[in-house]
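Let me begin by presenting the structure, written as structure tokens, before commenting on it.
The values are calculated or read from the model by the stated rules, or taken from the named source; none is laboratory data. These numbers were taken from a predicted model, which means no experiment stands behind them. No Cβ is skipped: glycine too gets one built from the backbone with ideal geometry, and neighbour counts run over all protein chains shown.
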Amino acid sequence: MTRIAVFASGNGSNAENLIRNLTCGKVVLLLCNKPGAYVLRRARQLNVPTLIFSREELENPDSRNSLSKTLQNNKIDFIILAGFLWKIPEHLIRLWPGKILNIHPALLPQYGGPGMYGDRVHRTVIQNAEKESGITIHVVDPLYDHGQIIFQAKCPVTGSDTPETLAAKIHDLEQLHFPKVADRYISQTLKAPAV
Ligand code: GAR
């Protein structure tokens, strides 16, 4: 069975969707950097073990409870970032090359990078009078919101949209597509001959 770890920082609607609907494997661990985040309650209700970690544990592979050791001990095959707001350090990318996915609530390469997350993205898209926005699912590389794009879906942005109404459209796209796209990518990656 393919073992998947999901990283999340906040509400966790995407994490819950993945836990409920991925078919290519099982979410065996939910990792969160914020004690008290609602995602922790969602995971516990779905009987997924949770772990809260510090920046030191994420960034320093030699720290006592380093995340790289935790993930290796749990025999994690793939990592999915579902509303996770810290940058993934290079040592994790080297350990899981091409095996870390992220979802971003805009059409990358626009509206990405440090500080561009959640409602801030939607506010900026509206301020710039964009006619469309959407979601991007991409492979994580050492740069923030960068890496091979594997899927995008678009929605219209109208003059009457607010950050809240745009967030709702993006949420619908995320709920519709994320598990299916992750399933397809993981299955194809597992089938690809090792290089
Ligand atoms: C989602 O819209 C996700 O795309 C976004 O945070 C939201 C989390 O919602 N991610 C980023 O902004 C990453 N740069 P959720 O906690 O309900 O899944």
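Working only within region 160-195, note down all residues that are among the hydrophobic types (A, V, I, L, M, F, W, C) and either surrounded by fewer than 13 Cβ atoms within 10 Å (Cβ to Cβ) or within 15 Å of the ligand (Cβ to nearest atom) (or both).
Residues satisfying the conditions are LEU166, ALA167, ALA168, ILE170, LEU173, LEU176, PHE178, VAL181, ALA182, ALA192, ALA194, VAL195.
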Cross-chain or 6+ apart pairs with Cβ under 6 Å, region 125-140 first and free of Cβ contacts under 8 Å to residues at least 12 places away in the same chain and closer than 11 Å to ALA106 by Cβ, then surrounded by 18 or more Cβ atoms within 10 Å (Cβ to Cβ) and among the aliphatic types (A, V, I, L, M):
none
Give me the pairs: first residue in region 85-106 and closer than 23 Å to SER54 by Cβ, second residue within 16 Å of the ligand (Cβ to nearest atom) and at pLDDT below 95, beta-carbon distance under 7 Å, and six or more apart or on different chains, which are they?
LEU85/TYR117; LYS87/TYR144; GLU90/PRO142; ILE93/PRO142
Can you list the helices (runs of 4 or more DSSP H) found entirely within region 1-79 that contain at least 3 residues being within 16 Å of the ligand (Cβ to nearest atom)?
13-21, 38-45
Residue check for LEU22: within 27 Å of ASP119 (Cα to Cα) and touching a helix residue (DSSP H, G or I) at 6+ places or on another chain (Cβ under 6 Å)
yes
